[in-house]
1. Could you tell me how many of the residues in region A:105-115 are touching a Gly at 6+ places or on another chain (Cβ under 8 Å) and part of a strand (DSSP E or B)?
2. Kindly check whether there is at least one residue in region B:30-48 that is under 13 Å from the mean Cα position of the chain (by Cα) and either hydroxyl-bearing (Ser, Thr, Tyr) or assigned to a loop (DSSP other than H, G, I, E, B) (or both).
3. All but one of (1) touching a Ser or Thr at 6+ places or on another chain (Cβ under 6 Å); (2) surrounded by fewer than 17 Cβ atoms within 10 Å (Cβ to Cβ) hold for A:Ser286; which doesn't?
4. Report whether or not B:Pro21 is at pLDDT below 90, within 14 Å of another protein chain (Cβ to nearest Cβ) and surrounded by fewer than 23 Cβ atoms within 10 Å (Cβ to Cβ).
5. More than 13 Å from chain A (Cβ to nearest Cβ) and crowded, with 16+ Cβ neighbours inside 10 Å: which single residue out of B:Ala136, B:Ala128 fits that description?
6. Mind checking whether some residue in region B:73-89 is within 11 Å of chain A (Cβ to nearest Cβ) and under 20 Å from B:Asn140 (Cβ atoms)?
7. Any idea which residue in region B:100-117 is surrounded by the fewest Cβ atoms within 10 Å (Cβ to Cβ), counting only those that are more than 10 Å from every other protein chain (Cβ to nearest Cβ) and closer than 18 Å to B:Phe69 by Cβ?
8. Hey, does region B:42-57 have a residue that's more than 10 Å from chain A (Cβ to nearest Cβ), out of contact with any strand residue (DSSP E or B) (no Cβ under 9 Å at 6 or more places or on another chain) and not hydrophobic (A, V, I, L, M, F, W, C)?
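The values are calculated or read from the model by the stated rules, or taken from the named source; none is laboratory data. All figures in this text were calculated on a predicted structure; none of them were measured in a lab. So basically every Cβ, Gly included, is an ideal-geometry build from the backbone, and we count neighbours across all protein chains shown.
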Amino acid sequence: MRLLPLDYAVRNLLRDPGRMLQLAGGTALVVLLLLAAGSFSTGMRAAMQASGDPANVILLSAGSEGGIERSSVDPGVAGIVAASVAGLRQSAGQSAVSPEIVHMTLVGPPDGPARQAVLRGVTPMAFAVHRGTRLVVGHPPQGDEVVVGRLAHRRLGLAADDLQPGALLRLEGRTFTVSGIFAAPGTVYEGEIWADLGALMAATRRSTISTVVVACGSASPADLEAFAAMRLDLELSAIAESDYYAERARFFAPIRAMAWLTAGLIAAGALFGGLNTFHAAFATRSREAATILAIGFPRRAVAISFFCEATLVALVGSLAALFAAIAGLDGQSIDVPGGTFMLTLEAGTLTASLGLGLMLGPLGAMLPAWRCLSPPLPSALRSA
Amino acid sequence: MIRHLILALSVAALLSAAELPTGLFVAQAPPDAVDVIAARTAPTPGATVTVRGIIGGRQKPFVDGRALFTIMDRSLVCETACGTGWSGCGQPPEDLRGAVASVQVVDAAGKPLLTTLAEAGGLIPGAAVIVQGTVAAGSNPALLVITAQAIHRLPEAP
């Protein structure tokens, strides 16, 4: 079969730059939205998975229904657990048991606007229990000091330089000094601000803590569950940290579904828009196509040329979206209630989004091409 | 293939059940049982006790991999739309606090056996049981732990 040369398709594309930009822009928008939805979903799922250490167990108050923010536990529980449960991980000769407060409040510089942030009241043991966290610079908080996660400045709407050691933060009517910066790669902790447990209890006027996070060594999560069931006077429930964050991920599932639905609806809209634009583009060329058929090229050759044209424009749009996503989406932080995570472009998302973007062109061109090439040759040659 | 799987699962279930002491589940109800609230008034560690209660008092009364469950005084069971009135979910915490107890089946070292009691001997959340055993060390009016020697499941209320 004789095919039309590829440069015929390229020249046709450049014949109307406005139309080409319209088609490429529509494809780019769809691919960008798919990449955004995919990176949002991947980033959130990965952060929740990374935040839950399978060796850690969270002790919450029995009536808190699994929410750390609603939980209220006696501060003495940490000591009782350490003394009662054998086989806990040891750190510097002590059982790795971390009493913590998780508190959401307005935080900001003394002379600037305040924003909602997640505060965690901790003792130095928190760095041993949450194994993924490490101080990058500075020292653990003491007194009215805080350490900030690497992404906390984004949550507060500040530049990274504004949240270096020595910076001041105002929260709960008190001024705290940043004593360090910690990293917790891929987890929701990176968007948090960690304060000294005692200082945060005083600032928030709390007499109870939110949770006790226990790191198991030879003990198993079942031992902590048994402890909670035996010590009914403490009114605790025990949940594996990985299960807790898996449950949180399920809580955000409707948001992820909405993101995919929005992307899907816009993709459908773009497909119909593409149909319309291709129809207009090919309809004006039906006489030209008929002439090509008249000089001996088969219908399939013209159709393939149309599909090449559509695929080229989809390729331009998809590549533009890919570069925009790499530059503007990958690694950007997103704040959700309870933490911060990074948008993550993974191979699966890239393949699916680019594949769909490339398919949009031929799909959009199929019906207009058929309408353009189906009329009998004599009537097509006489058409305007 | 499926028959082998069923056989393996049956053997595993039998081995798991074999860890529980023989004679733990009794068909005859032990006499002179008292309710959980009454049993908690002055528990004496080491004393023999026979307690009647409902398996529950919390959302998950059984512990996976440990021979341990919690019971609640039968007066606190309520009819709730959620269908888990045995968990005490409809009760004020201060009422629930004084009406629950833990039941354990222990090994020679005094630790709960490494098996679950869920569904063993027909035990399920919400089931009424009479537990005969001894008051475990550390029990006091705020905390009652019973080391069970005999468990009888009461028939369903009509």
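1. At the first step, the residues of region A:105-115 found to be touching a Gly at 6+ places or on another chain (Cβ under 8 Å) are A:113-115.
Next, only the ones that are part of a strand (DSSP E or B) stay: A:115.
Result for region A:105-115: 1.
2. No; the residues of region B:30-48 include none that is under 13 Å from the mean Cα position of the chain (by Cα) and either hydroxyl-bearing (Ser, Thr, Tyr) or assigned to a loop (DSSP other than H, G, I, E, B) (or both).
3. It fails just one condition, (2).
4. Numbers: at pLDDT below 90: yes; within 14 Å of another protein chain (Cβ to nearest Cβ): no; surrounded by fewer than 23 Cβ atoms within 10 Å (Cβ to Cβ): yes.
Judged against the criteria, B:Pro21 is not a match.
5. Numbers: B:Ala136 fails: more than 13 Å from chain A (Cβ to nearest Cβ).
Result of the check over B:Ala136, B:Ala128: B:Ala128.
6. No, region B:73-89 has no match at all.
7. Let us first name the residues in region B:100-117 that are more than 10 Å from every other protein chain (Cβ to nearest Cβ), namely B:105-110, B:113, B:115, B:117.
Next, only the ones that are closer than 18 Å to B:Phe69 by Cβ stay: B:105-107, B:110, B:113, B:115, B:117.
Details: B:Val105: 24, B:Val106: 16, B:Asp107: 12, B:Gly110: 10, B:Leu113: 18, B:Thr115: 19, B:Leu117: 25.
Result: B:Gly110.
8. no
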